Amino acid sequence: MSVRTETLLWLAQRLSAMLLGVFVLVHLVTILYAMHGGLTAQEILSRTQGNIGWAIFYVLFVLAIAVHAPIGLRNVLTEWLHVRGRAADVLLTTLAVILSVWGLRAVWAVFAQ
Amino acid sequence: MNARVRTREHPGYWAFVVHRISGILLVLFLPFHFWALGQALTGAARLDEFLHWTAHPLAKVAEWGLVVLLAAHFTGGVRLLVLEFLPWREWQRALLATATVVTAGVGLLFLVDVL
């Protein structure tokens with residue numbers, strides 16, 4: 001992997017982390033607020049259904065995760081398991097795709113249903 | 001004492017371990033989280049069926065663990081960004097303690113919520 005690619009991955013990891021910092025803070029506050037008095041589908045969906053603001057928030061949240069998590073896991077694979085090269089690239093790209101597709105499906109589920 | 005043991009006595013080393021382990025566990029959890037929310041595609045009733053299962057005390061313990069992991073990864077991440085991107089100031093010595101206190105605070109608030 002070239003130095004340029006390594007630098008770009010490092011930068012993508014930090015930029016996504018900055019976005020996630022804001023998203024996770026909002027998510028934690030929402031969890032603490034929503035869990036108060038139990039969690040029901042009605043309660044979740046009444047907040048998210050048809051709400052374009054929450055939809056955009058969660059779409060960006062999912063995409064930032066899909067960038068951030070595979071790069072973080074790549075560091076773990078390289079440093080702790082000594083897995084690198086093509087096998088790692090295929091594995092981590094697959095993870096990014098799975099997180100994006102399942103994440104966006106989840107956003108669609110709570111927004112449109 | 002060898003260098004490796006000395007390194008492990010530094011709180012920064014444990015901050016690194018907590019950040020890494022919490023990151024790995026959160027990645028493993030995410031597909032299940034997305035799958036569960038995707039259940040709403042087949043109607044609110046299906047999602048409620050799943051949420052009903054999460055009322056089990058063991059599920060509550062797991063939820064609490066996940067919230068604490070998220071809070072720990074978040075506060076540890078903010079600490080790293082501050083250390084990497086802002087010029088060094090004395091107050092940054094308190095970052096690790098602050099991260100620990102905020103994480104514990106979120107854990108306590110969640111406990112108060114579900115109990």
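Computed values, structure above
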item: Residue under evaluation A:A112, criteria (1) within 22 Å of B:F29 (Cβ to Cβ); (2) surrounded by fewer than 15 Cβ atoms within 10 Å (Cβ to Cβ); (3) in contact (Cβ under 8 Å) with a residue 24 or more places away in the chain, criterion not met; result: (1)
item: All helices (runs of 4 or more DSSP H) inside the stretch B:1-87 with 3 or more residues being within 11 Å of chain A (Cβ to nearest Cβ) and of a type in the set (F, W, Y); result: B:11-38, B:57-85
item: Failed criterion for B:D48 (all others in (1) under 21 Å from A:F61 (Cβ atoms); (2) in contact with a helix residue (DSSP H, G or I) (Cβ under 6 Å, 6 or more places away or on another chain) hold); result: (1)
item: Cβ pairs under 9 Å, 6+ apart, first in the stretch A:7-25 and more than 10 Å from chain B (Cβ to nearest Cβ), second not in a helix (DSSP H, G or I); result: A:L9/A:M1
item: Answer from B:A71, B:A59 - the residue that is within 28 Å of B:H33 (Cβ to Cβ) and at pLDDT 95 or above; result: B:A71
item: Filter pass, A:Y33 being loosely packed, with under 15 Cβ neighbours inside 10 Å and facing another protein chain (nearest Cβ under 10 Å); result: yes
item: The stretch A:2-30: number of residues that are surrounded by 13 or more Cβ atoms within 10 Å (Cβ to Cβ) and either at pLDDT below 90 or polar (S, T, N, Q) (or both); result: 3
item: Top-ranked residue of the stretch B:11-64 - restricted to ones that are among the basic types (K, R) and without any contact (Cβ under 8 Å) to a residue 24 or more places away in the chain, ranked as surrounded by the most Cβ atoms within 10 Å (Cβ to Cβ); result: B:R20
item: Hits in the stretch A:38-56 (condition: in contact with a helix residue (DSSP H, G or I) (Cβ under 8 Å, 6 or more places away or on another chain) and either within 10 Å of chain B (Cβ to nearest Cβ) or under 19 Å from B:A71 (Cα atoms) (or both)); result: A:L39, A:T40, A:A41, A:Q42, A:E43, A:I44, A:L45, A:T48, A:Q49
item: Residue tally, condition closer than 28 Å to A:L11 by Cβ and touching a Phe, Trp or Tyr at 6+ places or on another chain (Cβ under 9 Å), over the stretch A:34-58; result: 3
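The values are calculated or read from the model by the stated rules, or taken from the named source; none is laboratory data. Not measured: the values here are computed from a predicted model. Note that we place each Cβ from the backbone using ideal geometry, even for glycine, and neighbour counts take in every protein chain shown.
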